[in-house]
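The values are calculated or read from the model by the stated rules, or taken from the named source; none is laboratory data. Just so we're clear, the structure is a prediction, and the values are computed from it rather than from any experiment. Positions of Cβ are generated from backbone atoms using ideal geometry, with glycine treated the same way; all protein chains shown enter the neighbour counts.
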Amino acid sequence: MIATRRRFRFDPYVQFMKKSMAREATYRFNIFTSLGSFAVRVYLLRTVWVALYAHNAAPRGLSLGAIVTYSTVALLLGLVLDIDQTRALHDRLHDGSIATDFMKPINVPLFFFADGTGEVLFHALLMVPALAIALLFVHITVPPAGVLAAFALSFLLGYFVGFFLNFILNLTAFWTLEISAIQLITTWLTDFLGGQIVPLVLFPVALQGAVYALPFAAMFSTPLLIYIGVIPPARYLESMAVQAAWVIVLAAISTVMWRAGSRRIVVQGG
Amino acid sequence: MPIIETDHLRKVFRSIKREPGLGGAVAALFSREYEEKVAVEDVSFSLEPGEIVGYIGPNGAGKSTTIKMLTGILVPTSGSIRVAGLVPHERRQQNAENIGVVFGQRSQLYWDLPLRESFELLRSIYDIPRARYEENLRTFSDMLDLERFMGTPVRQLSLGERMRGDFAGAMLHDPKIVFLDEPTIGLDVIAKEAIREFICEVNRERGTTVILTTHDLADVERLASRIILIDTGTVIYDGPLERLREEYGTHRTLVITLFEPEADLQVDGAVVESQEGNVVRLRFDRRVTSAEVLVRRVMDRYRITDLAIAEPEIESIVRRLYLEGYRSSSPAAPA
């Protein structure tokens, strides 16, 4: 019998994505709490910055308006970037159902990607009502269209950095099964060292070199600094090249880890 | 031409050697010492299309490991496999299109989705032509009575419903071969019968080859014409069920409960196996003494309140095989 190569079809992955979006939409309580906590954080951060600026004139040249815009947009991005989107991998390794995924005619990592993308797209839709809520408390400056376009592109690159970081995190479950501690640390690192809470430009100068060298900055900080104009158009190419480099490095690490991890399953039986 | 062929299949798991206790766990982090565990020692068999085979053996015998190699998710250490002409672990995805899998302990369906949407997803995964899909769905829905809970998310289904859903899901793409792992575990008698009927019918109507792994030997008795017995990774018997019955099913046990204690109970044609209080187990050779004759002899001599044949015949045979191993054309044990 001559075995012909399978033809790759996108359809199953599009379906996975759609089903995952539909699934997210059914967790209504989750949607409300997520929007609620977003509103609270926008309000609190604005209050904190206003109070700090009352005693301190614009540090490192950032005006109050710029920093409020920065932290609000950061929280909006967080709605998407903070999602543990490849959690399904960890769950399915934990309960052993990963074996049934391998018994289907699908590309398993692509399945997890599609599943996560559906979840992310749904939460991306939430950015619209979230923005509306935010505008009740704060004023956001909107940059010119060219800057917005660069910001969008940089955000997309940041999204892929976030995806692979998250995938790597969940891939460690191949070896440890229990990842909640690593997860906690990673969330804290991405939010803090990524510049979601405090812009990295406000970090002590001695630390800045180090934090910019980490992949977390490529997730949040780069698109946000483009948005508020701290990164000027002349440095777009350089900044996004760094982001793209992180995407490539993290994708390579993920691939190696996936190969080694799935090899553990096929050789060791999980 | 056989649809499944394995030749001296062997699978050895290698793991880091670990001493017991916390210290051992820490030491294992730095250890380079490995220990090997042979899960499958030497398994060769070949299956013709349309066969239903009971693949049975005690826990840890190597059943699941064999099935995982046949489905392509485990790579054999040595030996060869062909499933519908393919080497499963080299063509995992292509092999997956030829097979269907049902695990009694684990659902293949998508937990958050209604059954109907789970099926739709499977249609897309296996690229089943729309007309074929609709037809199969209608047939299975009738056979398994799925219509009532088609819109229910899988997580909310009862075990019986979920299993019926799983069976339909595994058969939608007309697999040539299905692997069933403990398909009736935990089900009530009615659900068990529905599932067995479904397997029979699918095999008869579509010529699907079935490999059935189970501890419920009633499944095997009802469905399989051939059994492959595996123990400590080696095939110890491969052949028709009847031959096992002829060679090993010579002895049965009659359990009686006496009305009053009897110190020295004796019945012609049977040996007292054990006696606990009023409960006596009598072992007899059914070729010499029929159960009917034995019961009559017992009742002639003693007053009893209850009697039963100890367990289904096949179970006692298999239990003996697990304990003693199989010797072909074994002489009948003296009564």
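Across the stretch B:226-273, what is the number of residues that are more than 30 Å from B:Ile304 (Cα to Cα) and either assigned to a helix (DSSP H, G or I) or not acidic (Asp, Glu) (or both)?
Final tally of qualifying residues: 19.
Of the numbered conditions (1) part of a helix (DSSP H, G or I); (2) under 20 Å from the mean Cα position of the chain (by Cα); (3) within 11 Å of chain A (Cβ to nearest Cβ); (4) not basic (Lys, Arg), B:Thr66 fails exactly one; give the number of that condition.
Answer for B:Thr66: the failing condition is (3).
For the stretch A:74-94, check the following and say yes or no: at least one residue is over 19 Å from the mean Cα position of the chain (by Cα) and loosely packed, with under 15 Cβ neighbours inside 10 Å. Lay out the reasoning, then the answer.
As a first pass, look at the stretch A:74-94 and keep what is over 19 Å from the mean Cα position of the chain (by Cα): A:91-94.
Next, only the ones that are loosely packed, with under 15 Cβ neighbours inside 10 Å stay: A:91, A:94.
Yes - at least one qualifying residue is present in the stretch A:74-94.
Can you pull out the residues in the stretch A:79-88 that are aliphatic (A, V, I, L, M) and more than 14 Å from chain B (Cβ to nearest Cβ)?
Answer for the stretch A:79-88, where residues must be aliphatic (A, V, I, L, M) and more than 14 Å from chain B (Cβ to nearest Cβ): A:Leu79, A:Val80, A:Leu81, A:Ile83.
Quick check: is even one residue across the stretch B:94-101 in contact (Cβ under 8 Å) with a residue 60 or more places away in the chain and facing chain A (nearest Cβ under 7 Å)?
Within the stretch B:94-101, one or more residues are in contact (Cβ under 8 Å) with a residue 60 or more places away in the chain and facing chain A (nearest Cβ under 7 Å).
Residue check: is B:Gly21 loosely packed, with under 15 Cβ neighbours inside 10 Å, out of contact with any helix residue (DSSP H, G or I) (no Cβ under 9 Å at 6 or more places or on another chain), among the small types (Gly, Ala, Ser) and at pLDDT below 95?
Judged against the criteria, B:Gly21 is a match.
Residues of the stretch A:54-84 being farther than 22 Å from A:Asp115 by Cα and either of a type in the set (Ser, Thr, Tyr) or not in a helix (DSSP H, G or I) (or both), which ones?
Those that are farther than 22 Å from A:Asp115 by Cα and either of a type in the set (Ser, Thr, Tyr) or not in a helix (DSSP H, G or I) (or both): A:Asn56, A:Ala57, A:Ala58, A:Leu62, A:Ser63, A:Thr69, A:Tyr70, A:Ser71, A:Thr72.
Can you pull out the residues in the stretch B:117-147 that are of a type in the set (Lys, Arg) and in contact (Cβ under 8 Å) with a residue 12 or more places away in the chain?
Correct list: B:Arg123, B:Arg132.
Would you confirm whether any residue within the stretch B:152-161 is in a loop (DSSP other than H, G, I, E, B), within 22 Å of A:Met17 (Cα to Cα) and away from chain A (no Cβ under 13 Å)?
yes
Do the conditions hold for B:Asp174, that is, is it among the acidic types (Asp, Glu) and part of a loop (DSSP other than H, G, I, E, B)?
The answer is yes for B:Asp174.
Could you list all residues from the stretch A:105-122 that are within 12 Å of another protein chain (Cβ to nearest Cβ) and among the aliphatic types (A, V, I, L, M)?
A:Ile106, A:Val108, A:Leu110, A:Ala114
Counting only residues that are within 13 Å of chain B (Cβ to nearest Cβ) and not in a loop (DSSP other than H, G, I, E, B), how many does the stretch A:7-29 have?
16
What single numbered condition from (1) buried (at least 22 other Cβ atoms within 10 Å of the Cβ); (2) within 8 Å of chain A (Cβ to nearest Cβ) fails to hold for B:Leu121?
Of the numbered conditions (1) buried (at least 22 other Cβ atoms within 10 Å of the Cβ); (2) within 8 Å of chain A (Cβ to nearest Cβ), the odd one out for B:Leu121 is (1).
Does the stretch B:215-225 contain at least one residue that is closer than 23 Å to B:Arg106 by Cα and over 13 Å from the mean Cα position of the chain (by Cα)?
No, there is no match, as no residue in the stretch B:215-225 is closer than 23 Å to B:Arg106 by Cα and over 13 Å from the mean Cα position of the chain (by Cα).
Report the residue count in the stretch A:89-104 for those that are in contact (Cβ under 8 Å) with a residue 60 or more places away in the chain, within 14 Å of chain B (Cβ to nearest Cβ) and assigned to a helix (DSSP H, G or I).
Residues that pass the stated criteria total 5.
From A:Ala251, A:Ala218, which residue is touching a residue at least 40 places away in the same chain (Cβ under 8 Å), among the hydrophobic types (A, V, I, L, M, F, W, C), surrounded by fewer than 18 Cβ atoms within 10 Å (Cβ to Cβ) and part of a helix (DSSP H, G or I)?
The match here is A:Ala251.
Mind checking whether some residue in the stretch A:112-128 is free of Cβ contacts under 8 Å to residues at least 40 places away in the same chain and on the phi < 0 side of the Ramachandran plot?
Looking for residues that are free of Cβ contacts under 8 Å to residues at least 40 places away in the same chain and on the phi < 0 side of the Ramachandran plot, one finds at least one in the stretch A:112-128, hence yes.
Hey, any hits in the stretch B:79-90 for a residue that's among the charged types (D, E, K, R) and surrounded by fewer than 24 Cβ atoms within 10 Å (Cβ to Cβ)?
Among the residues of the stretch B:79-90, at least one is among the charged types (D, E, K, R) and surrounded by fewer than 24 Cβ atoms within 10 Å (Cβ to Cβ), which makes the answer yes.
Surrounded by 20 or more Cβ atoms within 10 Å (Cβ to Cβ), at pLDDT below 95, part of a helix (DSSP H, G or I) and more than 10 Å from every other protein chain (Cβ to nearest Cβ): which single residue out of B:Arg148, B:Arg164 fits that description?
Step by step, each of B:Arg148, B:Arg164 is checked, and only B:Arg164 is surrounded by 20 or more Cβ atoms within 10 Å (Cβ to Cβ), at pLDDT below 95, part of a helix (DSSP H, G or I) and more than 10 Å from every other protein chain (Cβ to nearest Cβ).
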